Amino acid sequence: MTSRIEVITSVERRRRWPRVEKERLVAASLEPGVSASEIARGAGIHVSQLFRWRKELCAVSPAAEIGFLPVVTEGAAVTLPPICPRS
């Protein structure tokens, strides 16, 4: 019975990408007629990483999605039913 021993001679570390660089690459990938694969290849990253950055940086917070503005009416007051009926 033989056992295999693996010797690791190099240290590979994760690259840290500054937010500004991520934003630049994401913006470039969103240009019309541009291939996200080409942008990713040019930056030396996998296209799935670029799509993950797009998802993270383009996400809209739930509070920003729903925006209500007050409605001002002239004349008689208008009563509207509640949006979520109370049980």
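The values are calculated or read from the model by the stated rules, or taken from the named source; none is laboratory data. All values derive from a computational prediction rather than experimental measurement. For neighbour counting, all protein chains shown are included, and Cβ atoms are generated from backbone atoms with ideal geometry for every residue, glycine included.
Residues are listed down the side, and each one gets a yes or a no for (1) under 30 Å from Val20 (Cα atoms); (2) at pLDDT 60 or above; (3) out of contact with any Pro (no Cβ under 8 Å at 6 or more places or on another chain); (4) among the β-branched types (Val, Ile, Thr):
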residue: Ser48; (1), (2), (3), (4): yes, yes, yes, no
residue: Arg54; (1), (2), (3), (4): yes, yes, yes, no
residue: Phe68; (1), (2), (3), (4): no, yes, yes, no
residue: Val72; (1), (2), (3), (4): no, yes, yes, yes
residue: Ala77; (1), (2), (3), (4): no, yes, yes, no
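Quick grid of which residues meet (1) exposed (fewer than 12 other Cβ atoms within 10 Å of the Cβ); (2) outside any loop (DSSP other than H, G, I, E, B):
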| residue | (1), (2) |
| --- | --- |
| Thr2 | yes, no |
| Val7 | yes, no |
| Arg13 | yes, no |
| Trp17 | no, no |
| Glu21 | no, yes |
| Leu25 | no, yes |
| Pro32 | yes, no |
